[in-house]
Amino acid sequence: MDPGETIPRDIRGHAAVQVENPQMFVGMAKMFLPDLSDMSLAPGDDPVRVPEYLGSFQNIVAYAALSDDAIGISLGEGEQAGLADYLNRESGPDGMLLAADYDSGAWYRLQRRDLDAALAEGGGADPFLNLAKVTGDTLEAINDRHHVEVRFTPRGLVFDSRYTYK
């Protein structure tokens, strides 16, 4: 996504939630959001366009799909083409609670967006803002990806966080 926008308008990617019975999960959601009744979702079917009025997708194309054990969404025009493969990937090891992978350089750029605005408005006289800008620019330039996993093990809850750099 473009971190310079206050309201992102060009987001691309996939997200999924692993559940034992995705159809039951969708059925419960339809009870709370009757507008979902218009969406016909079944495991293995082609992704279905999510109407903009169902969320705050403001000019962002979204599609939803189900697999036998997951509910997924794609964001961005054309991203629905890879949603089924994304949902059918091999699941993580037993005990996996959360796994995420993202562009960490873009994350630093997003965090710095308000700082850039403050500097443009004359905040450059503050040495701490200038230091923050240099630090943010450096972190954006060297960071590549961040992968994080949270899982339950016999020893307890384990957090595994790995960064890759350019």
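The values are calculated or read from the model by the stated rules, or taken from the named source; none is laboratory data. Source: prediction; values computed, not measured. Note that each Cβ is placed from the backbone with ideal geometry, even for glycine, and that neighbours are counted across all protein chains shown. Note: areas computed on protein heavy atoms with side chains; ligands, DNA, RNA excluded. Shrake-Rupley method; radii C 1.70, N 1.55, O 1.52, S 1.80 Å.
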Any residue in the range 92-117 that's under 30 Å from ARG155 (Cα atoms): show its pairings with residues that are of a type in the set (Gly, Ala, Ser) and open to solvent by less than 40 Å² (accessible area, probe 1.4 Å) at Cβ separation under 9 Å, as long as the two are six or more apart or on different chains.
-> TYR102/GLY13
Please specify each residue of the range 147-165 satisfying the condition of being open to solvent by 70 Å² or more (accessible area, probe 1.4 Å) and among the hydrophobic types (A, V, I, L, M, F, W, C).
-> PHE152, LEU157, PHE159
Looking only at the range 112-125, decide whether some residue is over 30 Å from ALA42 (Cβ atoms), part of a helix (DSSP H, G or I), open to solvent by less than 40 Å² (accessible area, probe 1.4 Å) and charged (D, E, K, R).
-> yes
Would you please name the residue that is modelled with the lowest pLDDT, looking only at residues in the range 133-166 that are part of a helix (DSSP H, G or I) and within 22 Å of the chain's Cα centre (by Cα)?
-> GLY136
Kindly list the number of the only condition in (1) touching a Leu at 6+ places or on another chain (Cβ under 6 Å); (2) farther than 30 Å from ALA42 by Cβ; (3) not hydroxyl-bearing (Ser, Thr, Tyr) that fails for GLY72.
-> (2)
Among (1) more than 24 Å from ALA100 (Cα to Cα); (2) hydroxyl-bearing (Ser, Thr, Tyr); (3) open to solvent by less than 60 Å² (accessible area, probe 1.4 Å), THR135 falls short only on (3)
